[in-house]
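Participant: Mind looking over this structure? Questions follow.
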Amino acid sequence: MILPIVAYGAPILRTVAKEIDRDYPQLDKLIEDMWETMYASNGVGLAAPQVNRDIRLFVVDSGQIFANQEEEDKGKYPDEPGVKKVFINARIKSLNGSEWTYNEGCLSIPKIREDISRNEEITIEYQDEQFEKHAETFNGLTARVILHEYDHIEGKLFIDYLKPLKRKLMKGKLDDITKGKVKVDYKMMFVK
Ligand code: NI
């Protein structure tokens, strides 16, 4: 089932999400719906707060970036072909490598893309959908998508990294998104 994506301005996008255990009701169904919602909106990651759940859960399929990239970009990123994974109760353990810039967007903030600087490599602890514990290192675009989704469960958004002037200049656009004055080809939920 495709779920509506919570638009910028909703308090849940500013909430630090809670850990869950295997008793969380209908978790398998939620994860299945999140995948379906992510693919339907051409996303490469989706976090639970974006579908109105304040829990530490996100899904990532960075392979989608590589599947859609231009021929000349093939082999440009070390993490190709990417990963498809569910992250539960994730905690970033370390940020490594140099910072690099990439043009990011977010399904909750449609029509806005900005160059964002993030670390090249991360080490993260998380549980998979069977609640097995993992500690893994990711790099490149995969690390970037994970960091973007991880920010969502910490109540952060990519626009938080922009300089105050830039944020100020986009306030009108952000207000329009909150009010639902934005055209997107996927289902959204507008909550003030
Ligand atoms: Ni996002």
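The values are calculated or read from the model by the stated rules, or taken from the named source; none is laboratory data. In this text, all values refer to a predicted model and were calculated from it rather than measured experimentally. Backbone-built Cβ (ideal geometry, glycine too); neighbour counts: all protein chains shown. Side chains included, ligands, DNA and RNA excluded: accessible areas come from the protein's heavy atoms. Shrake-Rupley method; radii C 1.70, N 1.55, O 1.52, S 1.80 Å.
Participant: Would it be correct to say that Val60 is at pLDDT 95 or above, closer than 24 Å to Glu120 by Cβ and either within 14 Å of the ligand (Cβ to nearest atom) or open to solvent by 20 Å² or more (accessible area, probe 1.4 Å) (or both)?
Facilitator: Values: at pLDDT 95 or above: yes; closer than 24 Å to Glu120 by Cβ: yes; either within 14 Å of the ligand (Cβ to nearest atom) or open to solvent by 20 Å² or more (accessible area, probe 1.4 Å) (or both): yes.
Yes, satisfied.
Participant: Does Leu46 satisfy the condition of being more than 19 Å from Asp151 (Cβ to Cβ), surrounded by 14 or more Cβ atoms within 10 Å (Cβ to Cβ) and in contact with a helix residue (DSSP H, G or I) (Cβ under 9 Å, 6 or more places away or on another chain)? I'd like the intermediate steps shown before the answer.
Facilitator: On the way: more than 19 Å from Asp151 (Cβ to Cβ): no; surrounded by 14 or more Cβ atoms within 10 Å (Cβ to Cβ): yes; in contact with a helix residue (DSSP H, G or I) (Cβ under 9 Å, 6 or more places away or on another chain): yes.
For Leu46, the condition - more than 19 Å from Asp151 (Cβ to Cβ), surrounded by 14 or more Cβ atoms within 10 Å (Cβ to Cβ) and in contact with a helix residue (DSSP H, G or I) (Cβ under 9 Å, 6 or more places away or on another chain) - is not met.
Participant: Any residue at all in segment 182-190 that's in contact with a strand residue (DSSP E or B) (Cβ under 6 Å, 6 or more places away or on another chain) and either without any contact (Cβ under 8 Å) to a residue 60 or more places away in the chain or open to solvent by less than 60 Å² (accessible area, probe 1.4 Å) (or both)?
Facilitator: Taking every residue of segment 182-190 in turn, at least one turns out to be in contact with a strand residue (DSSP E or B) (Cβ under 6 Å, 6 or more places away or on another chain) and either without any contact (Cβ under 8 Å) to a residue 60 or more places away in the chain or open to solvent by less than 60 Å² (accessible area, probe 1.4 Å) (or both).
Participant: Search segment 136-158 for residues that are without any contact (Cβ under 8 Å) to a residue 60 or more places away in the chain and within 11 Å of the ligand (Cβ to nearest atom) and pair each with any residue that is among the hydrophobic types (A, V, I, L, M, F, W, C) and part of a loop (DSSP other than H, G, I, E, B) when their beta-carbon atoms are under 6 Å apart and the residues are at least 6 apart or on different chains.
Facilitator: These pairs meet every condition: Phe158/Cys106.
Participant: Take the conditions closer than 14 Å to Ile109 by Cβ, open to solvent by 100 Å² or more (accessible area, probe 1.4 Å) and not in a helix (DSSP H, G or I) and apply them to Lys156. Does it pass?
Facilitator: Considered against the rule, which asks whether it is closer than 14 Å to Ile109 by Cβ, open to solvent by 100 Å² or more (accessible area, probe 1.4 Å) and not in a helix (DSSP H, G or I), Lys156 comes out as no.
Participant: Considering only segment 71-85, I want to know if a residue exists there that is within 16 Å of the ligand (Cβ to nearest atom) and surrounded by 15 or more Cβ atoms within 10 Å (Cβ to Cβ). Give the steps one after another, and end with the answer.
Facilitator: Our first condition is that a residue be within 16 Å of the ligand (Cβ to nearest atom); within segment 71-85, this holds for none.
So far as segment 71-85 goes, no, none of its residues is within 16 Å of the ligand (Cβ to nearest atom) and surrounded by 15 or more Cβ atoms within 10 Å (Cβ to Cβ).
Participant: Which is closer than 19 Å to Glu154 by Cα, of a type outside the set (Lys, Arg) and within 16 Å of the ligand (Cβ to nearest atom), of Ala17, Ala40? Please lay out each step first, then the result.
Facilitator: Details: Ala40 fails: closer than 19 Å to Glu154 by Cα.
Of Ala17, Ala40, the one residue that is closer than 19 Å to Glu154 by Cα, of a type outside the set (Lys, Arg) and within 16 Å of the ligand (Cβ to nearest atom) is Ala17.
Participant: Identify the residue in segment 97-135 that is open to solvent by less than 20 Å² (accessible area, probe 1.4 Å) and within 16 Å of the ligand (Cβ to nearest atom) and, among all such residues, is nearest to Gln50 (Cα to Cα). Give the steps one after another, and end with the answer.
Facilitator: So in segment 97-135, the residues open to solvent by less than 20 Å² (accessible area, probe 1.4 Å) come out as 104, 106, 108-110, 112, 116, 118, 122, 124, 126.
Imposing the further condition that a residue be within 16 Å of the ligand (Cβ to nearest atom) reduces the set to 104, 106, 108-110, 112, 116, 118.
On the way: Glu104: 16, Cys106: 10, Ser108: 7, Ile109: 10, Pro110: 13, Ile112: 16, Ile116: 20, Arg118: 21 Å.
If we take residues in segment 97-135 being open to solvent by less than 20 Å² (accessible area, probe 1.4 Å) and within 16 Å of the ligand (Cβ to nearest atom), then Ser108 is nearest to Gln50 (Cα to Cα).
Participant: Can you name every residue in segment 159-181 that is surrounded by fewer than 12 Cβ atoms within 10 Å (Cβ to Cβ) and either away from the ligand (no atom under 16 Å from the Cβ) or aromatic (Phe, Trp, Tyr) (or both)?
Facilitator: To start, the set of residues in segment 159-181 that are surrounded by fewer than 12 Cβ atoms within 10 Å (Cβ to Cβ) comprises 160, 163-166, 168-169, 171-172, 181.
Hits for segment 159-181 are Lys163, Pro164, Leu165, Lys166, Lys168, Leu169, Lys171, Gly172, Lys181.
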